[in-house]
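Visitor: Encoded as C-alpha cells, here's the structure I'll be asking about.
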Amino acid sequence: MTSGIRFADVSVRYGTTTVLDSLDLTVEPGEVMALLGPSGSGKTTALRAVAGFVHPASGRVFIGDRDVTDLPPYKRGIGMVVQSYALFPHLRVADNVAFGLKARKEPRAEIPGRVAEALEMTGMAAYARRYPRELSGGQQQRVAIARALAIRPDVLLLDEPLSALDAQLRSGMLAELARLHRELPGVSVLYVTHDQVEALTLADRIAVMDRARLQDCGTPQELYRRPRTEFTASFVGNANLLPVRVTAAGVTLAGRPLDVPVPATGAAPGATATLCVRPHLVGLGEGPNALRGRITEVQWRGATHRLYVDVAGHRVKADVRELRETPALDSEVTLHFAPEDAVLLAAGVHDG
C-alpha cells in the first residue's frame, strides 16, 4: 500500500461558515509536510479531514491511491498524535501502546513484539510498566507517538504535538521526531503547527494557511529566502516589509533610490510594491542600500541586539551581532543591506 496524501479541492463548512476552502495539496510518499498558520487558518480542519473526523462538504481526500473520503477513521491506516497526549490514565504504558493494535484486532501473539518495537523506537522501553501519571510531559508525548507508530501507519498525523511542552523539552522532541522520520522513510507525515521553528526544523515542505485557504507552499528554504506573499514573509520567520515604488532603475523608499532587483514579471515603473528583507541581513553602518534613521528601541537578545530604527516613518528591524556599546535611543544610525538579500513582493498580495 502506498502512502502519501492528496487533498482534491477539499472544502469543509460548519453551517454557513467555511473553515477550509478549496484545498488542493499533495503530500508525497515519505514526505513531512507542515501545515503552518495562525489559529483559525484551517490547518487542523485539514488534518481532521484526513483522519476522518470531519467530512468535506465538497472535494475528495486520498491516502495513497485510495479515496478515503467516506471511510471511517479506523479503516484509513493512519496514526495520530494530539497535543493533549490522550493517554488512558488507568492503563500502563505498554497497554496504552497496545490499544490501537487490539482495536484493529491484530493477532494477539504479535502485539507484545509490536509494542516493544514502538517503545524502543521512542526511547520508552524502560517505562513499559508505568502509568501515565508517573511520567513527565515529554515522556507522555513519547508514549503517544509510540502508540501511533505501533500500528505501522502509512500516514502519521501530528496535531500541535509539542505545544504543551516547555521550550527545552520541545527542542529535544524536535530532534527525536527528526530521528524517527529518518528511521521510517516510507511514512508520510502531516504536521500541524503554529510554530515556525518546528515547521522550519522538521518539514520537507511547508503549506502556509490563513483564513481557511492555502496561501503558499514550498520548501522551508524557498519560503524563508524567497517568500511569494506578504503573509508568508511575515509568518515564516521575521521580516521587514517596506512600501516602495518601482522605477526603471530599481525601487525607491520614501524617495530614496535602492538597488533592488525587480523581477521580470514584477510591477511596471510607477507601481507600488513591498520590499522584504530579513532583520539578520540588515547591517549597521555604511554599505549598499544605505538607510538612515533614528533608533527608537534596542533589545538585547544574547548573541544579538535587535535595533528598531525609524527610517522616514517606517520601522526597520536589524539584528546586529557583538555590539560592545549599545547605541543610544534617538541617536542617528545608518543601516544597509545587500541587493541580493532583498525580495520584491507585489503590494497587497496576501492570498495564494
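Visitor: Quickly run through the stretch 240-264 and pick out the residues that are more than 28 Å from the chain's Cα centre (by Cα), farther than 25 Å from residue 298 by Cβ and not hydrophobic (A, V, I, L, M, F, W, C).
Guide: Listed by number, the residues that qualify are 245, 247, 250, 252, 255, 257, 259, 261.
Visitor: Sticking with this one: Out of 307, 345, 329, 281, which single residue is exposed (fewer than 13 other Cβ atoms within 10 Å of the Cβ) and in contact with an Asp or Glu (Cβ under 9 Å, 6 or more places away or on another chain)?
Guide: 329
Visitor: Taking the criterion of being under 24 Å from residue 232 (Cα atoms) and touching a strand residue (DSSP E or B) at 6+ places or on another chain (Cβ under 8 Å), would at least one residue in the stretch 170-183 satisfy it?
Guide: Among the residues of the stretch 170-183, not one is under 24 Å from residue 232 (Cα atoms) and touching a strand residue (DSSP E or B) at 6+ places or on another chain (Cβ under 8 Å), which makes the answer no.
Visitor: Residue by residue through the stretch 191-220, note down the ones that are more than 23 Å from residue 19 (Cβ to Cβ) and in a helix (DSSP H, G or I).
Guide: Of everything in the stretch 191-220, those that are more than 23 Å from residue 19 (Cβ to Cβ) and in a helix (DSSP H, G or I) turn out to be 197, 200, 201, 202, 220.
Visitor: Let me ask something else about it. Do you know which residues across the stretch 68-86 are touching a residue at least 60 places away in the same chain (Cβ under 8 Å) and not aromatic (Phe, Trp, Tyr)?
Guide: Passing the criteria: 76, 77, 78, 79, 80, 81, 82, 83, 84.
Visitor: Could you say which residue among 78, 151, 111 is at pLDDT below 90, among the hydrophobic types (A, V, I, L, M, F, W, C) and farther than 23 Å from residue 175 by Cβ?
Guide: Of 78, 151, 111, the one residue that is at pLDDT below 90, among the hydrophobic types (A, V, I, L, M, F, W, C) and farther than 23 Å from residue 175 by Cβ is 151.
Visitor: Out of the residues in the stretch 1-44 that are among the hydroxyl-bearing types (Ser, Thr, Tyr) and in contact (Cβ under 8 Å) with a residue 40 or more places away in the chain, state the one that is surrounded by the most Cβ atoms within 10 Å (Cβ to Cβ).
Guide: 41
Visitor: For the stretch 226-236, what are the residues that are surrounded by fewer than 19 Cβ atoms within 10 Å (Cβ to Cβ) and touching a residue at least 12 places away in the same chain (Cβ under 8 Å)?
Guide: 226, the sole residue that qualifies.
Visitor: Additional query: What do you reckon, is residue 50 assigned to a strand (DSSP E or B), surrounded by 20 or more Cβ atoms within 10 Å (Cβ to Cβ) and in contact (Cβ under 8 Å) with a residue 12 or more places away in the chain?
Guide: No: the conditions fail for residue 50.
Visitor: Right, another one. What tally of residues in the stretch 176-208 results from selecting those that are closer than 19 Å to residue 78 by Cβ and touching a residue at least 40 places away in the same chain (Cβ under 8 Å)?
Guide: 16
Visitor: Moving to a separate point now. Right, residue 175: more than 29 Å from residue 62 (Cβ to Cβ) and modelled with pLDDT of 85 or more or not?
Guide: So residue 175 fails the test.
Visitor: What about residue 223, is it without any contact (Cβ under 8 Å) to a residue 60 or more places away in the chain, farther than 27 Å from residue 99 by Cβ, in a helix (DSSP H, G or I) and in contact with an Asp or Glu (Cβ under 7 Å, 6 or more places away or on another chain)?
Guide: So residue 223 fits the description; yes.
Visitor: Picking from 62, 88, 99, which residue would you name as being aromatic (Phe, Trp, Tyr) and modelled with pLDDT of 95 or more?
Guide: 62
Visitor: Filter the stretch 309-331 down to the residues that are of a type in the set (Gly, Ala, Ser) and on the phi > 0 side of the Ramachandran plot and list them by number.
Guide: Hits for the stretch 309-331 are 312, 313.
The values are calculated or read from the model by the stated rules, or taken from the named source; none is laboratory data. This structure is a prediction, so every number in the text was calculated from the model and none was measured. Positions of Cβ are generated from backbone atoms using ideal geometry, with glycine treated the same way; all protein chains shown enter the neighbour counts.
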